[in-house]
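**Student:** Just dropping this structure here.
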Amino acid sequence: MSLLRIAVQCSGEMPLGEYLRFHAGISAQTVKRLKAVPDGMTCGGQHIRTVDPVRSGDIVLLHLPEQCSHTPNFSLTVPVVYESEQILVCDKPAGMPVHPSMLHRDDTLANWYAAQHPECGFHLINRLDRNTSGLCIIAKTVYAAHRLRGQVQKRYYALIPNGLHGAGTVDAPIAREQASVITRCVRADGKRAVTHYRVIQETPFCTLLELTLETGRTHQIRVHLAYLGYPLLGDALYGGDCSKLDAQALHCGTVQFPEPLTGESILLNSPLRPEMNTLLQRSL
């Protein structure tokens, strides 16, 4: 059972459901699940409904059973970099989706996690594309997911063609391509997207970038680099050179976040995946 303590802070009063959704950052799906649990929401030791009013100073407790609902696959292997009572951080390989889909029903990160922790929730804090590798943070409880919301700093590493130098920022809105449900593009009517990049190594055949994001749009790094004219090596979807890599050369190499229970700052690193590192070394 996951227990989340909410100290209400608001002017006047408002319905609990509204406070949870728009002030406490609790998702609509979680609120729906709480409503189905006997005494899922209590205030002062008494059951409270989403339509009941709350006031500043009220303490609301959310009680939510945790269980991973995905099909376990015991044959999958994913390195675990860090684990505590509340969270797990793994090093996702390229080629592994994070969630099941029509084409990937039981070979995903969620299926691997279900085999490791069937008694825990699967709350993915930072989602990586199927062919992007690197550090993924999984919260085991709603409480941990709530505590980590907006608190994770990430650094990505990418290989691109030569020609980009120094450091810079791409501030360009991203929208879905009108003829595709997958591909994104830079378009004036899109949502604001900001990517910071810094060249950290230049070799005769490729350049290594470090990237940080201010926003988290779908395919943001891939779209912004293609927009600059330097698509990721191995990124066939956005015009990258696939002659040496068959998956986009993008890796989440650093994450930093507060441990949900203690507040201790946790800093984790993951080296470039082997094929990216090999290409970089061959270029020297």
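Every number in this text was worked out from the coordinates using simple rules, so none of it is lab data. Quick caveat, the model's predicted, so the values are computed rather than measured. Positions of Cβ are generated from backbone atoms using ideal geometry, with glycine treated the same way; all protein chains shown enter the neighbour counts.
**Student:** So how compact is the chain: Cα radius of gyration and Dmax in angstrom?
**Tutor:** Radius of gyration, then largest Cα-Cα span, for the chain: 21.1, 68 Å.
**Student:** Taking the chain as a Gaussian network, where each spring joins two C-alpha atoms under 10 Å apart, which residue of Q151, Q201, Q178 fluctuates the most?
**Tutor:** So, out of Q151, Q201, Q178, the one fluctuating most is Q178.
**Student:** Debye sum, Cα scatterers, segment 1-90, no solvent: what log₁₀ I/I(0) at q = 0.18, 0.20, 0.22 1/Å?
**Tutor:** The computed values of log10 I(q)/I(0) come out as -0.82, -0.93, -1.06.
**Student:** Hey, in the GNM for the chain with a 10 angstrom Cα cutoff, which one of P15, P72, P231 fluctuates hardest?
**Tutor:** Highest fluctuation among the options: P15.
**Student:** Given bins 5 angstrom wide, list per bin the percent of all Cα-Cα distances in segment 70-112, short to long.
**Tutor:** Calculated over all Cα pairs of segment 70-112, the distribution is 5, 23, 28, 26, 13, 4, 1 percent.
**Student:** Now a separate question. Per 10 Å bin, what percent of the C-alpha pairs of segment 189-284 does each bin hold, from zero upward?
**Tutor:** 14, 41, 31, 12, 2
**Student:** Mind scanning K191/K244; K32/K140; K92/K154; K35/K140 and naming the pairs with a C-alpha gap bigger than 22 Å?
**Tutor:** As for pairs spanning more than 22 Å Cα to Cα, those are K191/K244.
**Student:** Expressed as a whole number of Å, what is the distance separating the alpha-carbon centroids of segment 217-246 and segment 1-41?
**Tutor:** If you average the Cα positions of each part, the centres end up 40 Å apart.
**Student:** What is the chain's relative contact order, in percent, from Cα pairs under 8 angstrom and six or more apart in sequence?
**Tutor:** Computed value for the chain: 14 percent relative contact order.
**Student:** A further question follows. Do any trypsin sites (Lys or Arg not before Pro) in segment 135-242 lie in a loop, going by DSSP, with at most 16 other beta-carbon atoms within 10 Å of their beta carbon, and if so which?
**Tutor:** R149, R187, R192
**Student:** Per the helix-only calculation at 222 nm, which mean residue ellipticity applies to the chain, given -39500 (n - 2.57) for every DSSP H run of n ≥ 4 and division by its residues, nearest 500 deg cm²/dmol?
**Tutor:** -4500 deg cm²/dmol
**Student:** Residue-wise, which Karplus ³J(HN,Hα) couplings in Hz belong to segment 154-163, taking 6.51 cos²θ - 1.76 cosθ + 1.60, θ = phi - 60°, and x for glycine or proline?
**Tutor:** Along segment 154-163, the couplings run 10, 10, 10, 10, 9, 10, 9, x, 5, x Hz.
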